[in-house]
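Beneath this line is the structure, given in structure tokens, with notes to follow.
The values are calculated or read from the model by the stated rules, or taken from the named source; none is laboratory data. Given the structure is predicted, the values throughout are model-derived calculations rather than measurements. Virtual Cβ from ideal backbone geometry, glycine too; neighbours counted across all protein chains shown. The accessibility values were calculated without ligands, DNA or RNA, using every heavy atom of the protein model including side chains. Shrake-Rupley method; radii C 1.70, N 1.55, O 1.52, S 1.80 Å.
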Amino acid sequence: MTTAFVNRSDQLFGREVDIRRLCDRALQQGLTAIVARPLMGKTWMLTELARLLSEDGQYLIGYHESKGAESSHLLYAVSNLYSRWLEDSTMREQAISLWSRHKDGLVPRIGKMVGTLFEKLAAKPLESVGTIVGKAFDGLAEAQSDLLGGGLKIAPLPYDQALSLANLVANISGRRVILILDAWEKSPSLRSEFATLEAFLRHLDDWSPSHIFLAIRNPEVDSTQVNREAFERSGDLCRLSRAAEKYELGPIDTTNATEQKRITTFLRGKVNIAKDVAEHDLMHWIDGYPGVLNFWTSEARRRHMRSAQDLRDEAANAQSLRYIEFNHSLKDLKDDRRTLAARLAFFPRLDPDRWAVFERLLMRDITSTAFVELVDVGILIDDPVPTFGHDTRHVAARHWFVEHSKALIRRTGEELVEALAAGITGINPGSVPMFEALVACTEAANQVAMQGPPQCLIDAAHAAYQRTENICSPSFDQYYPQTLKRNGSFAVIISVALLIRGITREQRGDVEGAVADYTTVIELPGAPPELVAQALNNRGIAKGQRGDVEGELADYTTVVELPGAPPELVAQALYIRVITRRQRGDGEGAVADYTTVVELPGAPPEL
């Protein structure tokens, strides 16, 4: 079941004006980019906004906070929208009824997926609505391949599908659609999502009443390249359209006497030492920064604060975004505890779904008591999923290791990267989480100065998202042969990267370079049949463009005869071979290939 938005109104202070402004924005067609420094309470404010809008009765909400390990941030937000919509039994019955009567005109682009979803819901299955919706949307997150163009990538949610999915919800439910993309700067599909959002703003009239909120970390405080890119692209969206607005989330308002009283009462109920401090001093030390409240009320700090000076010092730590407890707690850990902490610090921040996928990898050779002990000493929070807590605290833990135990976190990171890469069997649903996690490890890899084969594997993972700058560099050619020698299972991710590099080179006019990459994939021991087949088809097309017709036909024939080649790639090879044979006057051979395509199980209908 999809988790309801938590009512934190008793713990959310000084945001009445901000929430009222964002509620007004929700009534307008468009986009709002909310920008704030770490620990300003973006997530709590957004979930409170979502709760209020949900209870209003005229909105349906899709919310997702990126952990940096999803193929498409937007896709997960839309999936959440569908879960919240269809978990309401009345709206679910209405949706299934309308779909059965008007499906031909509702969602032409993704009708099959939605139709299957509604059929499963109508069958009264044992699985929860959220599980059924999640599985349906996982299908959209799988790899996409442009059969005739030779393209291959992990799929973000394209514009036409986003439009169809959002409009379906709005048209059937009669409610406004709100999509909230929290921590947008972490989205691995940032560039693709920017294109979708740009199209959204250019064609607002095509959309039913909708508003999109982006939450972005202020790059002036955390100036990584990823954060700067998200900030700059949100600015581009706002320049593109008057329907887009950037909203700078400032300090919380503590000037109101009633709000001051609420904060003081809350603190004194949570932190014993606060009972001995004047309200004026508490407000002065908070200074409009909710991160101070976060620091003061955290379990790890409450144990050690004994005086008003301790409160003041922790406020200063919050203002400078330091987590000094790590200086004491991390350095004294035993080897296996420190190793687990280093793994979690290097790895993207986890949620329950990701923990289910990566638990075995992260906890290998570590006992469960290590997690409990890390909670007991205040390093991890008391939660079913091992986490340092807030994203800022997660980053601070990583910084501690980089500063004080760099060799350990680098070695740990390299082991994790290689384990993730070894788990990739192709571009398929089972491998997508591995690709996502590798891409999400990029910032950590940069911080520990990762080089050689592990960095080569991260660069190869980026290629699946059409980020080809690094795999086109000389360093990739230098290291990928070493990477292959290190572990034969790396042939899969390297063949993905080389295939995509071949496509990139061909698009740039470097046909010789493209053919060389395709040939490497074809001859690479351990390359999956589907990638070999794609490389053969692409090489055949390139040979044909160079006038090597015999070589072209030979490659297509190899695909047709290749054990394990996917039917759609076999059909593609046969279809292009038909064209080539007709051009050579071999009508009989062309007819034979046509017949084979028609009779081939699994061949795409368009072929």
Members of segment 412-462 that are on the phi > 0 side of the Ramachandran plot and either touching an Asp or Glu at 6+ places or on another chain (Cβ under 9 Å) or of a type in the set (S, T, N, Q) (or both): GLY426, GLY452
Residue match in segment 274-293 (condition: assigned to a helix (DSSP H, G or I), farther than 27 Å from ARG398 by Cα and touching a Leu at 6+ places or on another chain (Cβ under 6 Å)): yes
Residue match in segment 147-159 (condition: buried (at least 23 other Cβ atoms within 10 Å of the Cβ) and modelled with pLDDT of 90 or more): no
Search result, residues across segment 441-466 that are farther than 13 Å from LEU498 by Cα, at pLDDT below 90 and open to solvent by 30 Å² or more (accessible area, probe 1.4 Å): GLU443
Which listed residue, of LEU22, LEU52, is surrounded by 22 or more Cβ atoms within 10 Å (Cβ to Cβ), at pLDDT 95 or above and among the aliphatic types (A, V, I, L, M): LEU22
Candidates GLY540, GLY564, GLY544, GLY509 - the one that is small (Gly, Ala, Ser), assigned to a helix (DSSP H, G or I), open to solvent by 10 Å² or more (accessible area, probe 1.4 Å) and at pLDDT below 95: GLY544
Pair list, Cβ under 7 Å, 6 or more apart: segment 151-172 residue more than 26 Å from GLN58 (Cβ to Cβ), other residue among the aromatic types (Phe, Trp, Tyr) and modelled with pLDDT of 90 or more: ILE154/PHE435
Odd one out for ALA592 among (1) more than 30 Å from ASP510 (Cα to Cα); (2) open to solvent by less than 30 Å² (accessible area, probe 1.4 Å); (3) not hydroxyl-bearing (Ser, Thr, Tyr): (2)
Pairs, first closer than 16 Å to VAL515 by Cα in segment 526-538, second open to solvent by 20 Å² or more (accessible area, probe 1.4 Å) and assigned to a helix (DSSP H, G or I), C-beta under 8 Å, six or more apart: VAL532/ILE522; ALA535/THR519; ALA535/ILE522; LEU536/ILE522; LEU536/THR558; ASN537/ILE576; ASN538/GLU506
ARG101 being charged (D, E, K, R) and modelled with pLDDT of 85 or more: no
Any hit, segment 65-79, residues being of a type in the set (Ser, Thr, Tyr) and in a helix (DSSP H, G or I): yes
Scan of segment 400-439 for residues that are closer than 17 Å to PRO528 by Cβ, among the hydrophobic types (A, V, I, L, M, F, W, C) and touching a residue at least 60 places away in the same chain (Cβ under 8 Å), ordered by number: ALA421, ALA422, ILE424, ILE427, VAL432, PHE435
Test: residue in segment 259-279 that is open to solvent by less than 20 Å² (accessible area, probe 1.4 Å), without any contact (Cβ under 8 Å) to a residue 24 or more places away in the chain and more than 20 Å from PRO38 (Cβ to Cβ): yes
Filter result (of a type in the set (Gly, Ala, Ser) and open to solvent by less than 30 Å² (accessible area, probe 1.4 Å)) within segment 299-331: ALA300, ALA315, ALA318, SER329
Checking GLU469 against (1) under 16 Å from ILE503 (Cα atoms); (2) in a helix (DSSP H, G or I); (3) among the charged types (D, E, K, R), the condition it does not meet: (2)
Those residues of segment 196-218 which are modelled with pLDDT under 90 and more than 19 Å from PRO348 (Cβ to Cβ), in sequence order: ASN218
Top-ranked residue in segment 32-49 [being closer than 19 Å to VAL395 by Cα and small (Gly, Ala, Ser); ranked as most open to solvent (accessible area, probe 1.4 Å)]: GLY41
Answer from ARG393, ARG410, ARG398 - the residue that is more than 17 Å from ASP351 (Cβ to Cβ) and open to solvent by less than 40 Å² (accessible area, probe 1.4 Å): ARG398
Residue count for segment 376-388, restricted to those that are buried (at least 19 other Cβ atoms within 10 Å of the Cβ) and either free of Cβ contacts under 8 Å to residues at least 24 places away in the same chain or more than 11 Å from LEU344 (Cβ to Cβ) (or both): 1
Qualifying residue in segment 499-506 (condition: more than 28 Å from the chain's Cα centre (by Cα), part of a helix (DSSP H, G or I) and either surrounded by fewer than 16 Cβ atoms within 10 Å (Cβ to Cβ) or of a type in the set (A, V, I, L, M) (or both)): no
Answer from GLU245, GLU229, GLU198 - the residue that is part of a strand (DSSP E or B), open to solvent by 20 Å² or more (accessible area, probe 1.4 Å) and farther than 23 Å from LEU12 by Cα: GLU245
In segment 84-98, residue surrounded by the most Cβ atoms within 10 Å (Cβ to Cβ) [restricted to those that are of a type in the set (Gly, Ala, Ser) and more than 17 Å from ILE110 (Cα to Cα)]: SER97
